[in-house]
């Protein structure tokens, strides 16, 4: 009898494993609340095909999406690139009935919100506003409702490029591996700002020591990601067309390398955008927009440094944001200007990418997140 029950449990476990569904969430610069703003697709994890399951109207320009750790809630930067406006919005996602339902919104505390991140405990949300160079901190209730901001930090100083760096431009908000620090790449000031995060305080952010890491002048730090081992951080620089590699320890970043994201034939007009590391920690991927429109692929050495592997065209224009699924099997790229998304299968041994599935057309697609349920 015990053997029979054991076999039943094993069978049920396999059924549960293979019944899991992978969903892909896309944001867009829809420019009109009467049109679709956020799209949800299901990913066929065998063939790499995307199939639309639902979408949401009634919101404007969801430029960036993030998910709560448990996958129940989708948070979005909304009213981006909208004069005298800006908000962060919350949605509930039910994988059983495949519905995405609006919960609420709060003002972003600055114009043009571009990045939002959630604490692993689900109780906090931090948003970065590009145009005004500011950051806002929000408590989040258990039901996913965003509460009014409890902190807002405004930054003013710029850097050496008067056309792009006339003032601070916060471009992302990234938690440290232990969620005890937050890092704020500031494209306008050529700094990676840092704050200590104390979860139990009513106002959780306080300046770290040091309060920032100086980037190369004119480089324009944009997005940042940490290695799975927690020892290294990688910042992609939009204006410099490079990735800067840092050693990481207890809130401090120490520079160890800076490497171009572009091949030698491209000498200027860099528009590097997004950066991610494969779950196995062996490869780093960085997107280049502008004239390149590709993903630069790097192998990660034992000392954290990068070595160029190759480049993968994204099959469209302006690859603003991309994502890697938790298995490391697929990379999904969004091309904002050509209004499309593509799925690429990742070779775990070489790091190289190969397009699979068909082009998915999404007008002015702005961002993507992948989650298995």
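The values are calculated or read from the model by the stated rules, or taken from the named source; none is laboratory data. From a predicted model like this one, the values you see are computed outputs, not experimental measurements. Because the Cβ atoms are built from the backbone with ideal geometry, glycine has one as well, and the counts that use them run over all protein chains shown.
Counted as qualifying within the stretch 238-341 are the strands (runs of 3 or more DSSP E) with 1 or more residues that are over 29 Å from residue 212 (Cβ atoms) and without any contact (Cβ under 8 Å) to a residue 60 or more places away in the chain, namely 294-300, 306-313, 330-335. Total residues in the stretch 342-351 satisfying the condition of being without any contact (Cβ under 8 Å) to a residue 60 or more places away in the chain and over 21 Å from the mean Cα position of the chain (by Cα): the figure is 3. Taking the criterion of being within 23 Å of residue 318 (Cβ to Cβ) and part of a loop (DSSP other than H, G, I, E, B), the residues of the stretch 34-69 that qualify are 35, 36, 37, 48, 59, 60, 61, 62, 63. In this structure, residue 296 does not qualify as within 20 Å of the chain's Cα centre (by Cα), closer than 30 Å to residue 79 by Cα, modelled with pLDDT of 95 or more and buried (at least 17 other Cβ atoms within 10 Å of the Cβ).
For the stretch 308-317, does any single residue satisfy the condition of being surrounded by 24 or more Cβ atoms within 10 Å (Cβ to Cβ) and more than 17 Å from the chain's Cα centre (by Cα)? Scanning the stretch 308-317, I find at least one residue that is surrounded by 24 or more Cβ atoms within 10 Å (Cβ to Cβ) and more than 17 Å from the chain's Cα centre (by Cα), so the answer is yes. Only one entry in 75, 64, 93 is under 19 Å from the mean Cα position of the chain (by Cα), over 25 Å from residue 176 (Cα atoms), in contact (Cβ under 8 Å) with a residue 40 or more places away in the chain and surrounded by 17 or more Cβ atoms within 10 Å (Cβ to Cβ), namely 93.
If you go through the stretch 166-182 one residue at a time, do you hit one that is at positive phi and within 19 Å of the chain's Cα centre (by Cα)?
Checked the stretch 166-182: at least one residue is at positive phi and within 19 Å of the chain's Cα centre (by Cα).
The residues in the stretch 134-152 that are surrounded by fewer than 19 Cβ atoms within 10 Å (Cβ to Cβ) and either assigned to a strand (DSSP E or B) or modelled with pLDDT under 95 (or both) can be counted, and the count is 3. Assigned to a strand (DSSP E or B) and either at pLDDT 95 or above or in contact with a strand residue (DSSP E or B) (Cβ under 8 Å, 6 or more places away or on another chain) (or both), is that true of residue 104? The answer is yes for residue 104.
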